[in-house]
Amino acid sequence: MSRQENTSRIRIVVQSSLFDMGAETSRLLALGPGIGGLGSFLGVVRGGDGLVALELEHYPGMCEQSLAVLAEEALLRFSLIGCTIIHRVGRLAVGEPIVLVLAAAAHRGEALDATRFLIDRLKTGAPFWKAEEFSDGRRVWVESRQEDEAAAAGW
Amino acid sequence: MNDTVTVLYFAALREQVGRSSEAVALAPDVLTVKDFLTMRRQEDAAFEAVFSQSSRVRVAVNKVIGDLSTPIQNGDEIAFFPPMTGG
């Protein structure tokens, strides 16, 4: 399979605005009738302990590049027909969607495994950083978690 | 003219160093990321203060993850940042 063909089946977006999950699903399904299932993960800013919002920073250019490499790996490894990764940046309030991963395959096993692979690897392998903003005014950078690094290494 | 590289800092490191980017002239014997760190820690007190405390600094050269042995040369973009926490 050529790089060109892969590229048309991968959609990578880093943006501050909200994404439309329905439109993204339709776009992926339009890749062809060979799709039998679509795995999806929607990450949301989780509240608690006075958290008000997250501030997402990224490394422009490297970020898109590393997500594309990850998506290409998933395409081959799980025989995907296509996949989509959309990650938001900037200030996101509690309850807001932050990341969307979609993986389309002929069968559910590949679609679900690929979805999990993509989100696990994305958390520690793509240049994004989160700062937490609390109701008392504190702002704290999120440290990488050992369990996230273990999940990424497990694949 | 000396060879120069562009250095970028992200997230907590950006705040600690106090800038997001800078152009740095390379000494002739600087061939790797390790050489570069040694040079910067000697010539810049602020850099030394931050990097002597940050044990978990990651590096990318020209937008590809590297390590201490990664070669660097004139025109490269070297980025320093903490472990990534996306998703």
- Calculate one ³J(HN,Hα) per residue across the stretch A:122-133 by plugging θ = phi - 60° into the Karplus curve 6.51 cos²θ - 1.76 cosθ + 1.60, and present them in order as whole Hz with x for glycine and proline. 5, 4, 10, x, 10, x, 10, 9, 10, 10, 9, 10
- Note on the structure: Note to self: with every protein chain in place and a 1.4 Å probe, the stretch B:4-81 gives an accessible area per residue in Å² of 51
- The simple spin-label model distance between A:Ser79 and B:Val57, using points 7 Å out along Cα→Cβ, in nm, is 4.7
- Message: Nearest 10 degrees is fine. How inclined is helix A:62-77 to the longest principal axis of chain A, computing both from alpha carbons?
- Response: 40
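Return the loop-located GluC sites (Glu not before Pro) in the stretch A:112-155 (DSSP other than H, G, I, E, B) with at most 13 other Cβ atoms within 10 Å of their own Cβ; answer none if there are none.
The qualifying sites are A:Glu143.
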- Query: Just how much of A:Trp155 is accessible, in Å², when a 1.4 Å probe is used and the result is rounded to the nearest 10?
  - Reply: 80
- Give the angle, between 0 and 90 degrees and rounded to the nearest 10, that separates the Cα long axis of helix B:33-43 from the longest principal axis of the Cα atoms of chain B. 90
- Anchor B:Lys34: lysines whose Cα lies under 19 Å away (excluding residues fewer than 8 positions away in-chain): B:Lys63
- Item | Estimated [θ] at 222 nm from DSSP helical runs (n ≥ 4, -39500 (n - 2.57)) normalised by residues in chain B, nearest 500 | -8000 deg cm²/dmol
- What total accessible area, in Å², is buried where chains A and B meet, using a 1.4 Å probe and rounding to the nearest 100? 1900
- Item | trypsin sites (Lys or Arg not before Pro) within the stretch A:1-80: DSSP coil, no more than 16 neighbouring Cβ in 10 Å | A:Arg46
- Query: Separation between the B:Ser69 and A:Ala68 pseudo-spin-labels, each 7 Å from Cα along Cα→Cβ, expressed in nm?
  - Reply: 2.9
- Item | Antiparallel bridges, percent of DSSP beta bridges restricted to the stretch B:4-81 (to nearest 5) | 75
- Chain lengthening between A:Arg27 and A:Arg46 when straightened (0.36 nm per residue, less Cα-Cα): 4.1 nm
- Message: Give the aspartates and glutamates reachable from A:Lys130 as a straight Cα distance under 20 Å; neighbours fewer than 8 places away on the same chain don't count.
- Response: A:Asp49, A:Glu55, A:Glu57, A:Glu64, A:Glu96, A:Asp120, A:Glu143, A:Glu147, A:Asp148, A:Glu149, B:Glu15
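May I ask you to derive the FRET efficiency for B:Lys34 and A:Val142 from their Cβ-Cβ distance with R0 = 30 Å, giving the value to the nearest 0.05? Working shown, then result.
Numbers: r = 28 Å, r/R0 = 0.93.
The computed FRET efficiency comes out at 0.60.
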- Task: Roll a 1.4 angstrom probe over the protein heavy atoms and tell me the percent of accessible area of the protein assembly as shown that is carbon or sulfur.
- Result: 50
- Could you sort the residues of the stretch B:7-32 by number and keep only those whose accessible area is reduced by 40 Å² or more in the all-protein-chain setting relative to the chain alone, 1.4 Å probe? B:Phe10, B:Ala11, B:Glu15
- Report the residues of the stretch B:1-29 in range of a label on B:Gln42: point 7 Å along Cα→C-beta, backbone N strictly under 16 Å from it. B:25-29
- Note on the structure: Taking every DSSP bridge whose two residues both lie in chain A, the antiparallel percent to the nearest 5 is 80
- How much of B:Val30 can a 1.4 Å solvent probe reach, expressed as accessible area in Å² and rounded to 10? 10
- State the Kirkwood hydrodynamic radius of chain A in Å, one decimal place, computed from all pairs of distinct Cα atoms. 16.1
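The values are calculated or read from the model by the stated rules, or taken from the named source; none is laboratory data. On a predicted model such as this, the values are computed, not experimentally measured, just so you know. Every residue, glycine among them, receives a Cβ derived from its backbone with ideal geometry; neighbour counts consider all protein chains shown. Note: accessible area is taken over every heavy atom of the protein model, side chains too, but ligands, DNA and RNA are not part of it. Shrake-Rupley method; radii C 1.70, N 1.55, O 1.52, S 1.80 Å.
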